[in-house]
Structure formats: C-alpha cells, structure tokens
C-alpha cells in the first residue's frame, strides 16, 4: 500500500476533490482514456491513476497553484502533465521502490506477504528444503531482506538482479558509476567502514540525496521500506543496470 494513502484520506474533502480533478486531467492527457476506471477490468489504469496521484501529493508545493484553481482549462492540464513528467523522469525501478515505502515487518508468525515476495526473489536462500522451510517459518524477521528488496524492484522493471540475499552481492554487478545517480544501487556501510552492511537505491528528493531501501531500521516494526538521508562518504560503490 502506498504511503500516500493515509495522507490522501486525511485531506479535507474539498482539497481531496481538487487533487482528484487534477489527477483525472493528467491521467486523461497521458492515456486518452476517458471512461470510469474499474480496478477489476482496468487494473493497469487504476495503478497508473494512483501513481499520478502519489506524484502530485509528493510534490504538492509545485502543484499547489494548479490544485487551487477552481476551473482548469486545456493549458492548465498541459502544464500539470508537463510537471508530472518532470517529477517522474526517473528509472522505473525507483518509481516502484517509492511505491513500497511504508511496508514493514510484522512480528510473530504472521508475515507481511509483500516483504515475503521480495524475499522469494533470492535463490541463494532456497537451495535446500531446510532453507525454504526456515524462510517460510521465520519470514522477514529471520532474513536480512535489503538485497531482496532491490532484487524485487528491479525485477518489476524487467531487470535481473543478483537474486542473492547478501548486500555484498551487488559489488561487481552491472556497471560501475563514479558518483550518485537516482536509481543507482548503493552499497553502504552505516559507520563508514569498508564492509558492506546494507544495500539500497540512491534517490534524490528535493535536491537531497537519500537511501531508499528495505529493512531499514524502524523503532516500531524492526524493519521497514523507507527513504533516509545518508552521508555520501558511507557509500562504498554505485552500480547501474547494464544497458539500462
């Protein structure tokens, strides 16, 4: 579930209606679809509508003037669509990763099935029946799943990752980058040492570099998909999908 659902539901009705109208305009401009969206028969349209809504909410300051307009003509919709395109001009896997922010571990025998989907992309922890049983039993609390999250996001974009649960497995994967770039896979050491403790995506939000990753510390749930600021000195390498 998108982290923006709660923000959207908490909006005053009039503001929520204004966001809906603006999103509808951008959606129609991009897809040409003018009918009513039925998530059962048009799931791809429902997902696209939500992606546009989330982008508008994530960049509300930039969209504010357009949201406040009581009447919008063709030119305003074209402006809004151009703004949306600018904010979403990032790799598909980063858009997917952003949509997962807020997914968190569930304590006990009940597992978060979305996080389990990340974990099952990793073949190195499914080589024996004993491993499979362990993962199924312990779930996200028993597996370090930061690398699994990276693998799953890339897979949604049609890219094969390492399929490995080790954060260090990305060190020689893909193409080396000399510095940060939105979407780059970032091998990270929390304390600045040489060991690879963690892996996530390098993301840029409001001109600030952030680490967008899974199994990042959360006081309430243990591990969560989140976007956090990080010192660039702690990043040990940046890797990019070859040919992407």
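Here, each number is a calculation from the coordinates, and none is a lab measurement. Since the structure is predicted, the reported quantities are computational estimates derived from the model, not experimental observations. Neighbour counts are summed over all protein chains in view; Cβ atoms, including those assigned to glycine, are modelled from backbone coordinates with ideal geometry.
With r as the distance between the Cβ atoms of residue 85 and residue 175 and R0 = 25 Å, compute the FRET efficiency 1/(1 + (r/R0)^6) and round to 0.05.
0.45
Using Cα atoms only, what is the angle between the long axis of helix 129-138 and the major principal axis of the chain, expressed in degrees (0 to 90) to the nearest 10?
Once rounded, one gets 50 degrees.
Please order 236, 133 by the number of other Cβ within 10 Å, starting at the fewest. Spell out each step's value before the answer.
Details: 236 18, 133 10.
Final ranking by Cβ density, sparse to dense: 133, 236.
Hey, what did segment 12-63 get for relative contact order, percent, Cα under 8 Å, at least 6 apart?
Working: 20 pairs, mean separation 19.9, N = 52.
The normalised contact order for segment 12-63 reaches 38 percent.
How large is the helix-only mean residue ellipticity at 222 nm for the chain, computed as the sum of -39500 (n - 2.57) over DSSP H runs with n ≥ 4, divided by its residue count, in deg cm²/dmol to the nearest 500?
On the way: 9 runs with 101 residues, N = 244.
It lands at -12500 deg cm²/dmol.
Going by alpha carbons, how many degrees (0 to 90, nearest 10) lie between the helix axis of 74-87 and the longest principal axis of the chain?
So the helix axis and the longest Cα principal axis differ by about 10 degrees.
Would you calculate the separation in nanometres between label points at residue 17 and residue 168, each defined as 7 Å from the Cα along the Cα-to-beta-carbon direction?
Taking the simple label geometry, residue 17 and residue 168 are separated by 5.9 nm.
Going by a ≥ b ≥ c, the root eigenvalues of the Cα gyration tensor, does segment 146-244 fall in the rounded group (a/c under 1.5), the prolate group (a/b larger than b/c) or the oblate group?
Values: a/c = 1.34, a/b = 1.17, b/c = 1.14.
Judged from the Cα gyration tensor, segment 146-244 comes out rounded (a/c under 1.5).
If you take the beta carbon distance between residue 68 and residue 232 as r and set R0 to 41 Å, what does 1/(1 + (r/R0)^6) give as a FRET efficiency, to the nearest 0.05?
Working: r = 37 Å, r/R0 = 0.91.
So the FRET efficiency works out to roughly 0.65.
Taking 0.36 nm per intervening residue step and subtracting the Cα-Cα distance, what contour gain separates residue 116 from residue 10 on full extension?
Details: separation 106, 0.36 × 106 = 38.16 nm, distance 2.92 nm.
So the chain would gain 35.2 nm between residue 116 and residue 10.
Assuming R0 = 22 Å, can you tell me the calculated FRET efficiency for the pair residue 60 and residue 92, based on Cβ-Cβ distance, to the nearest 0.05?
Details: r = 23 Å, r/R0 = 1.05.
Rounded to the nearest 0.05, the efficiency is 0.40.
Mind checking the angle between helix 13-31 and the chain's longest principal axis? C-alpha axes, 0 to 90 degrees, to the nearest 10.
Compared with the principal axis, the helix lies near 80 degrees.
According to the square roots a ≥ b ≥ c of the eigenvalues of the Cα gyration tensor, what is the shape class of segment 4-89, taking rounded for a/c under 1.5, prolate for a/b larger than b/c otherwise, and oblate for the remainder?
Working: a/c = 1.43, a/b = 1.15, b/c = 1.24.
Verdict is rounded for segment 4-89.
Using the count of nearby Cβ atoms within 10 Å as a rough guide to exposure, how do 129, 144 rank from fewest to most?
Values: 129 8, 144 18.
In increasing order of surrounding Cβ atoms, one gets 129, 144.
Between residue 30 and residue 78, how many nm apart are label points set 7 Å from Cα along the C-beta direction?
1.9 nm
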